[in-house]
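Down below is the structure, laid out as structure tokens.
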Amino acid sequence: MLTIANRTFQSRLLLGTGKYPSLEVQKKAVEVSQSEILTFAVRRMNIFEESQPNFLEQLDLKRYTLLPNTAGAKTAEEAVRIAKLAKASGLCDMIKVEVIGCDKSLLPDPVETLKASEQLLEEGFIVLPYTSDDVVLARRLEQLGVHAIMPGASPIGSGKGIINPLNLQFIIEQSAIPVIVDAGIGSPKDAAYAMELGADGVLLNTAVSNAKDPVTMAYAMKLAIEAGRLGYEAGRIEEKNYGVASSPLTGMITS
Amino acid sequence: MIIQLNGKEQQLPENVVTVEDLLHLFALNNRIVIVEINKNILRKEHYQAHLLKEKDKVELIHFVGGG
């Protein structure tokens, strides 16, 4: 069970809701993923054009925990403003702090992320910061009191998977709070790997929404995360440089 | 009156005076929407009473898909 701020979840897959090819595909993908936590962005309503169906408004809100993000914010101040708007809906009190510092790499701004997290904790939010895989930054965020750490595997939407497993491992080892690998997941092996390293969960969006078959990919990710977690709990074998036979060395008919 | 609505200048019909009226104008009364006026979030229970003023900067916000 994944526990975040005294709330428990069966699923360790947190799913993004952006960029799906259609509402129908999105609904099915969310369903088969069995995810219980869905991220959303906070934006101006498009009131000047004809109303498009809105995914959130069609969702059974009793089944899901909403995790709005502060995407779009460049500063802590903007992130706090977005978070408060989200909370004002009355639908959620968790916030994914996302303050991007570079438009090309979409890597997070560590300083603004730290500031935003601190302010939002003071305001009583359940804070889940999206951060780089900087080990010391992760520690500082944890010291502030954030409720989970969400280090990136690689840049958002890049599909590169885990490019620095060592850093992730350090972060996982040092954290008493849940570590949710967020950003850059490309295929099921990446999600499984994150879980095998000891992560508590995985947050992904593009890997599913932009797959050729998002519904099948959502299901694959669900299985990968379950397999990775079980593998972690089962205690894998050590890596060795040389071979160790699997069949007995005694009683051979050739001796 | 003229207000700024979601970043655009908006002339409001004379009978639109409260936030509730504004939401009704755009058929938003039954939608999930958050209202911010001059950077202050307006609570739902105040929609009917809150009077809009000339040059108010109003934002009608909602949730969309995102990662």
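The values are calculated or read from the model by the stated rules, or taken from the named source; none is laboratory data. Bear in mind the structure is a predicted one, so any value in this text is a computation, not a measurement. Positions of Cβ are generated from backbone atoms using ideal geometry, with glycine treated the same way; all protein chains shown enter the neighbour counts. For accessibility, only protein heavy atoms count, side chains too; no ligands or nucleic acids. Shrake-Rupley method; radii C 1.70, N 1.55, O 1.52, S 1.80 Å.
What to note about this one:
- Among residues that are more than 14 Å from chain B (Cβ to nearest Cβ), part of a strand (DSSP E or B) and not acidic (Asp, Glu), residue A:127 is included.
- Taking strands (runs of 3 or more DSSP E) as the structural unit, those lying wholly within chain B and holding at least 3 residues that are open to solvent by 10 Å² or more (accessible area, probe 1.4 Å) correspond to B:8-11, B:40-42, B:57-65.
- Looking across the stretch A:31-57, just one residue is among the small types (Gly, Ala, Ser) and open to solvent by 10 Å² or more (accessible area, probe 1.4 Å), and that is A:51.
- Set A:66, A:91, A:13: member being more than 11 Å from every other protein chain (Cβ to nearest Cβ) and in contact with a helix residue (DSSP H, G or I) (Cβ under 9 Å, 6 or more places away or on another chain): A:13
- Of all residues in the stretch A:23-56, those being farther than 25 Å from residue A:81 by Cα and within 22 Å of the chain's Cα centre (by Cα) number 13.
- One residue alone among A:187, A:158, A:132 is open to solvent by 30 Å² or more (accessible area, probe 1.4 Å), touching a strand residue (DSSP E or B) at 6+ places or on another chain (Cβ under 7 Å) and modelled with pLDDT of 95 or more, and that residue is A:132.
- Filtered residues of the stretch A:60-71 (kept if surrounded by fewer than 20 Cβ atoms within 10 Å (Cβ to Cβ) and in contact with a Lys or Arg (Cβ under 9 Å, 6 or more places away or on another chain)): A:65
- Within the stretch A:13-30, tally of residues that are in contact (Cβ under 8 Å) with a residue 24 or more places away in the chain and open to solvent by 10 Å² or more (accessible area, probe 1.4 Å): 8
- Some residue of the stretch A:73-86 being open to solvent by 30 Å² or more (accessible area, probe 1.4 Å) and closer than 28 Å to residue A:218 by Cβ: no
- Qualifying positions in the stretch A:165-203 - outside any helix (DSSP H, G or I), of a type in the set (S, T, N, Q) and over 13 Å from residue A:154 (Cα atoms): A:175
- Lone qualifier among A:185, A:172, A:162 - being without any contact (Cβ under 8 Å) to a residue 60 or more places away in the chain and within 12 Å of the chain's Cα centre (by Cα): A:185
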